[in-house]
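Below is one structure; the comments refer to it alone.
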Amino acid sequence: AEGKIQLIVGTHALLGNSLKFKDLALLVIDEEQRFGVKQKERLKVISNGVDVLTLSATPIPRTLQMSLSGVRDTSTIRTPPPMRKATITAVEEFNEDVVYEAIR
């Protein structure tokens with residue numbers, strides 16, 4: 001852990017004990033409702049002092065209660081952003097050119 005990575009996006013596999021983050025600035029969690037108790041406990045350790053953005057189309061009751069009681073902030077997106085592009089789903093072999101074009 002040299003502190004060079006400030007933003008990381010990945011699956012729950014990033015929560016394993018083998019990964020160490022020295023100076024993480026932003027942790028983005030998608031579909032928090034799929035995380036179990038052990039993963040959420042690990043998140044508490046990793047996210048100490050880190051800005052955390054959790055995304056969920058279907059918040060779990062506990063998360064919803066925390067936002068309603070003011071423990072967590074919540075935002076609701078009721079309409080898609082202007083100029084939103086349609087989601088394109090593709091299943092294919094790994095190809096660096098495809099990844100590059102998708103990010104670009």
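Here, each number is a calculation from the coordinates, and none is a lab measurement. Note that the coordinates shown come from a computational prediction; the quantities given were computed from them, not determined experimentally.
Summary value for the chain: 21 percent relative contact order, contacts being C-alpha pairs under 8 angstrom separated by 6+ residues. For Lys85, a cut-off of 16 angstrom between C-alpha atoms picks up these aspartates and glutamates, skipping any fewer than 8 places away in its own chain: Glu101. For the pair Leu14 and Val98, the difference between a 0.36 nm per residue extended length and the Cα-Cα distance amounts to 27.9 nm.
Could you estimate the translational diffusion coefficient of the chain from the Stokes-Einstein equation, with Rh from the Kirkwood formula over C-alpha pairs, at 25 °C and 0.890 mPa s, in whole µm²/s? Please list the in-between numbers first.
Numbers: Rh = 16.4 Å.
This corresponds to a translational diffusion coefficient of 150 µm²/s.
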